[in-house]
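Any read-out appearing in this document is the output of simple, stated calculations on the displayed coordinates, not a laboratory observation. Since the structure is predicted, the reported quantities are computational estimates derived from the model, not experimental observations. For neighbour counting, all protein chains shown are included, and Cβ atoms are generated from backbone atoms with ideal geometry for every residue, glycine included.
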Amino acid sequence: MERCAVIGVGQTKHAAKRDDLSMIGLVREAATRALEDAGLTFRDIDAVVIGKAPDMFEGVMMPELFLAEALGAVGKPMMRVHTAGSVGGSTAIVAAHLVSAGIHQRVLTVAYEKQSESDAMWALSPKYPFQPPLMAGAGGYFAPLIRAYIRRSNAPNDVGVRVAVKDRLNALKNPYAHLKMPEISAAQVEASPMLWDPIRYLETCPSSDGACAMVLSSETAARSAPHRPAWVHATATRSEPNLFAGRDQVNPRAGRDCAAALYKQAGITDPRKQLDAAEIYVPFSWFEPMWMENLGFAPEGEGWKMTLEGATALGGDMPINPSGGVMSSNPIGASGMLRFAEAALQVRGQAGEHQVEGAKLAMGHAYGGGSQFFAMWIVGDARP
Amino acid sequence: MATREIAVVSFAQTNSRRNELDETEMLLPVITEAVKRSGIARSDIGFTCSGSCDYLGGRPFSFVMVIDAIGAWPPIEESHVEMDGAFALYEAWVRLQHGDIDAALVYAFGKSSQGDLPDVMVTQLDPYYVAPLWPDSISLAALQARAMLDEKRCTELEMAEIAVRNRKSAKANPHAHLKGDHLAANLLGEPYAVAPLRRHDCPPITDGATAIVLAAGDLARKVCKRPAFIRGIDHRIEPHALGLRDLTRSPSTKLAGERAGVGKGKIDVAELHAPFTHQEVILRDALGLGAEVDVNPSGGALGANPMMVAGLNRIGEAAQRILDGKANRVLAHATSGPCLQQNLVCVLEAE
């Protein structure tokens, strides 16, 4: 197996509506930044792997076909990944596998969503045959899971509010973040309308236009990269069915198994101690404590303590989402890749104001569907 | 680059037709059958990858519910491409190169009959400059056929003969959708559907699902008498803008074919994913296939065209010829996008 490194990272300025750009312009803004970071041009790329969430978010079926020219893919292999909300992460993993399998030297991977083209709430509320219509989007699906978590763990009511404030304060340090709320406070979050009890308006992610891109390369190609690479230490994915009796959706086994496989590959036995930072897919504030337990950062029932103790803040012992996370920028299909890319920025020392000092090992995490698809990676500043 | 030996060890498909089943119902028996035939326990399958398209089902995440058909409990390592299943097979082949797992399941499904397919396919086009003109998939293929006729690359009679041959071959395929004996001269008396295409030049609208099990070298030899080893696989894409392409040629197929090593030996059977008759001419030419090659003994996509499945079916049908001892070296091709925009070529051999 070949080693794989991240030698270029690029992302757009995320916003509710990037009406200055077409979909073509959006993916190119991220892709050209990643290439520039890697000191390369489209010509140097062997293959393109693109990912996004449901095509109904923009109303274009298999849009990678019309993006082939814009991403310099003509005459090359191009693949399109779709694994629901985890897609940004699994797209990066498909691209990393092309390098680690020794097939290609340099792969461009891109993920995007231009949510302003359509209405995600509508696209996420289809009527499936033989199933009760949800018509409530993602928040309506996840709110009962959060209520179950609170009941199980006896977490105090303000944990979600704390996460919402922390992530928006982190976002102020990230020039690409969508939400910029310098006045954010617990009182403001508490006063915002209740959308799906217990999720308030300010405890949800925004709906964003945005894209993320990375250049992944072999060890040989990484040697000539102008900036420090982030080395891929481990990748893992796990999936489980959506509905069956006895399925634990609050602390899903697919997430636990995925993390266990990931840590084993990376030689990690105590993730909270050994990882310096983690970018975790938290679309609703309460998912921070929930995933802390699922990922083994905290014992079951105690994830919320990490939030309350400030462990997950920038400057805490386990900084979670120093970039501001999904709570501050959410171009859905790109949100997972942004987690993976932000983890790479941390270990490359390129995270700017939201840099975790001395970060050597960081995790990127994404999930999708009804908490059933997981994609994760660990990147480090040292060659594994 | 030295690659690990990976083989197709089993293949199962639905009886292609328009059906009343949902995606999971189509898939369950097919996956069960492919896994059973492979002789590999489900717990030994290290990776699963699928291909499908949300726009066929008219809903997001059409691949989410079909997880029910694969028995993903305990949780499995799994991925999905919004592409034909042939590209999912490519991803599985890449994953198997890592050496830590020895078997993979690949599947694809398509409910092409849920909507008005030629119109649904319009949403696949450039949304700014092309889709608003609403050229449906038959009309775009007709544009390509017209270019072929103008360039004298084929005649309407040759196109009809391709239809006759494929529908006749489909008679021997119990899974085919459209089959029968026709006379080319009679077909030419039929009116145009979209000139210069007549109905016989076009594929049927088929619902279907397919599953294939891949296994690495020693495991493949252990469970299978004649594994179909993948000796080369590659795929390439062309510009989407039709004005940037010579529609009568397929340079991406040619390049993928060269990289897959098509020319390294004699091809016994070629399964080409040519939904329209004139496209078979373009693909034969790009791959340098002579008259001695048996093309589409299954009836091809003209015999059954389940969207997102028909490409994977070509790999399955070609591999099956090796599994059955009827061929030694076969070629499979899959396409995606308007007028053969993206193409995959796979060469399989017996030992």
Please rank B:LEU244, B:LEU105, fewest neighbouring Cβ atoms within 10 Å first, as an exposure proxy.
B:LEU244, B:LEU105
Candidate lysines for bridging to A:LYS264, where Cα separation is under 27 Å - those fewer than 8 sequence places away on the same chain excluded
A:LYS273, A:LYS305, A:LYS360
Near B:LYS168, which lysines are there with a Cα under 20 Å away, not counting those fewer than 8 places off in the same chain?
B:LYS179, B:LYS326
Using just the alpha carbons, could you tell me how many Å³ per residue the convex hull of region A:191-256 encloses?
204 Å³
For region A:12-27, 3J(HN,Hα) per residue [Karplus equation, 6.51 cos²θ - 1.76 cosθ + 1.60, θ = phi - 60°, Hz, x = Gly/Pro]:
7, 6, 7, 7, 4, 8, 8, 7, 7, 10, 7, 4, 4, x, 5, 5
antiparallel share of DSSP beta bridges within the protein assembly as shown, to nearest 5, in %, is 75 percent
Cross-link reach list, aspartates and glutamates versus A:LYS180, counting only Cα pairs under 12 Å and skipping chain neighbours closer than eight places:
A:ASP167
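How high is the relative contact order of region A:80-221? Use alpha-carbon pairs under 8 Å, at least six apart in sequence, and give a whole percent.
34 percent
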Sorted from largest to smallest, which semi-axis lengths in Å does the alpha carbon gyration tensor of region A:1-112 give for its equivalent ellipsoid, taking the root of 5 times each eigenvalue?
22, 16, 13
Quick one: grab the alpha carbon gyration tensor of region A:144-260, order the square roots of its eigenvalues as a ≥ b ≥ c, and give me rounded if a/c is under 1.5, else prolate or oblate depending on whether a/b is larger than b/c.
oblate
Before anything else, pin down the relative contact order of chain B: Cα pairs under 8 Å, at least 6 apart, normalised by residue count, whole percent.
26 percent
For region B:191-308, place one equal point scatterer on every Cα, skip the solvent, and apply the Debye formula. What is log10 of I(q)/I(0) at q = 0.21 Å⁻¹?
-1.41
What whole-number volume per residue, in cubic angstrom, does the convex hull of the C-alpha atoms of region B:263-351 give?
88 Å³
18 Å reach of a label modelled at B:GLU20, 7 Å along Cα-to-Cβ, counting backbone N of region B:109-133
B:111-115
Counting only DSSP beta bridges fully inside chain B, the antiparallel percentage to nearest 5 is 70 percent
With Cα coordinates, the longest principal axis of chain A makes an angle with the long axis of helix A:332-348, in degrees rounded to 10, of 70 degrees
Extension gain (nm, one decimal) between B:ASP44 and B:LYS326, 0.36 nm per residue minus Cα-Cα:
98.6 nm
Binned Cα-Cα distance frequencies in region B:129-263 - 5 Å width, integer %
2, 8, 11, 13, 15, 19, 14, 9, 5, 3, 1, 0
Among A:PHE66, A:PHE42, A:PHE340, the residue with the largest mean-square fluctuation in a Gaussian network model of chain A built from Cα contacts under 10 Å is A:PHE66
Rule-of-thumb check for chain B: C-alpha Rg over 2.2 N^0.38 Å?
0.93
For region B:1-93, what value does the Rg/Rh ratio take when both radii are computed over Cα atoms and Rh is the Kirkwood radius, given to two decimals?
0.96
Does region A:47-116 classify as rounded, prolate or oblate by the C-alpha gyration tensor (a ≥ b ≥ c root eigenvalues; a/c under 1.5 gives rounded; else a/b over b/c gives prolate, otherwise oblate)?
oblate
Using θ = phi - 60° and the Karplus form 6.51 cos²θ - 1.76 cosθ + 1.60, what ³J(HN,Hα) does each residue of region B:248-263 get, whole Hz, x for Gly and Pro?
8, 10, 10, x, 5, 5, 4, 5, 4, x, 4, 6, 7, x, 4, x
Binning at 5 Å from 0, report for region B:101-161 what percent of all alpha-carbon pair distances ends up in each bin.
4, 14, 15, 14, 12, 16, 11, 7, 5, 2, 0
Would you mind computing, in nm to one decimal, how far apart the modelled labels at B:LYS266 and B:LEU133 are, each placed 7 Å from Cα along Cα→Cβ?
4.7 nm
Where N is the number of residues in region A:35-168, Cα Rg divided by 2.2 N^0.38 Å
1.37
Isotropically averaged projected area of region A:263-353, using the convex hull of Cα atoms (one quarter of hull area), nm²
6.1 nm²
How large is ³J(HN,Hα) for each residue in region A:174-186, as worked out from phi by the Karplus curve 6.51 cos²θ - 1.76 cosθ + 1.60 (θ = phi - 60°), to whole Hz, x for Gly and Pro?
10, x, 8, 5, 6, 7, 10, 10, x, 8, 4, 8, 4
Rg in Å to one decimal, and Dmax rounded to a whole Å, for chain A via C-alpha atoms:
19.2, 57
Would you compute, for the Cα atoms of region A:170-328, the largest minus smallest coordinate along each principal axis and list the three values in descending order, in whole Å?
54, 43, 30
When only Cα pairs under 8 Å and 6 or more residues apart are kept, what is the percent relative contact order across region A:1-150?
27 percent
Normalise the Debye intensity by I(0) for the protein assembly as shown, one equal point scatterer per Cα, no solvent, then take log10 at q = 0.05, 0.06 Å⁻¹ and round to two decimals.
-0.23, -0.33
